[in-house]
Amino acid sequence: MNIVICDDEKYIVDKVFQIVDDYLYETGLDYDIYTYASGDEAIESGVSFDIAFLDIEMNGLDGLRTAKRLYRRNPNLIVLIITSFSDYIDDALELSVYRYIDKPIDKRRLKNCFAAALKKYLLVSKPIEVKCGYDTFRLNTNEIVYLAIEEGYVHIHTYDLDLKTRKSLDTWKSELDPFIFAQPHNSFLINFNYILSFNNQKVVLKCKDKIFEVHTSVRKYGSFKKAFNRYVSGVGE
């Protein structure tokens, strides 16, 4: 797991690093923490990060533009914005920013926010096995863009693969995290992490440079929209 802390105030970086490092040390997880004074440095590192603490205002690339660039490497990046400004909240919402941490930093709040982010990371990184005939593929759930019923099979669509399985969509639904996956239609189960836009006719999903579209149904749209709002707000984790 790769974590980045990016802020042009060194004492903020040091404080966040200490809290995160102390918390992770107790978990026994493998992790690396990278610290930078600017968004440009984080981008130039070439590292694909899993969790990012980004200052909203920095010299060069600000936190939001840095997040946009980092999402290209990992669409499942979990972003926590560090800010003493409220002017950017609307823009941050469009990026599905996971949490906001006000300055001056409260240790307890930061620890709680990071604990929630770590829980989400572990959920979407959960490994699963997909049996396709005589072959078995091992995936992380965060690689799944969506599942679809097609010609009597359930197809699991990822960026690189289209896997065909006999396991029913209802079974997959029971095995995948309901906070991350939901049905806009009886024939589809989609990963909220990849949503670009949706309405009462279709959901548009984006993974790296690929665009996927699935149908929504009148009967499912209301519950799907509520589930997405819970996901964005973090309620129900």
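The values are calculated or read from the model by the stated rules, or taken from the named source; none is laboratory data. From a predicted model like this one, the values you see are computed outputs, not experimental measurements. Using ideal geometry, Cβ is built from the backbone for each residue, glycine included, and neighbour counts are taken over all protein chains shown. Accessible surface is based on the protein model in full, side chains and every heavy atom, while ligands, DNA and RNA are left aside. Shrake-Rupley method; radii C 1.70, N 1.55, O 1.52, S 1.80 Å.
Scan segment 196-215 residue by residue and report those that are more than 17 Å from ILE144 (Cβ to Cβ), of a type in the set (D, E, K, R) and part of a loop (DSSP other than H, G, I, E, B). The answer is ASP209, and nothing else. Counting only strands (runs of 3 or more DSSP E) that sit completely within segment 131-195, those holding 1 or more residues that are loosely packed, with under 14 Cβ neighbours inside 10 Å and more than 15 Å from the chain's Cα centre (by Cα) correspond to 135-140, 144-150, 162-165.
Residues in segment 44-55 that are over 19 Å from LEU123 (Cα atoms) and open to solvent by less than 20 Å² (accessible area, probe 1.4 Å): 3 in all. Picking from residues in segment 1-31 that are surrounded by fewer than 16 Cβ atoms within 10 Å (Cβ to Cβ) and of a type in the set (S, T, N, Q), the one that is nearest to LYS126 (Cα to Cα) is THR27. Scanning segment 67-88 for residues that are at pLDDT below 65 and farther than 13 Å from ASP55 by Cα returns a single hit, ASP87.
Taking into account only those residues within segment 205-226 that are open to solvent by less than 20 Å² (accessible area, probe 1.4 Å) and under 17 Å from the mean Cα position of the chain (by Cα), which is farthest from VAL154 (Cα to Cα)? Even if it seems obvious, please write down each step before you answer.
Of segment 205-226, the ones open to solvent by less than 20 Å² (accessible area, probe 1.4 Å) are 205, 207, 214, 216, 224.
Now drop any that are not under 17 Å from the mean Cα position of the chain (by Cα), which leaves 205, 207.
Values: LEU205: 18, CYS207: 20 Å.
Step by step, filter segment 205-226, then rank; the result is CYS207.
Does TYR34 fit the bill of being open to solvent by 30 Å² or more (accessible area, probe 1.4 Å), of a type in the set (Ser, Thr, Tyr), modelled with pLDDT of 85 or more and in contact with a strand residue (DSSP E or B) (Cβ under 8 Å, 6 or more places away or on another chain)? Yes; evaluated as a whole, the condition is true for this residue.
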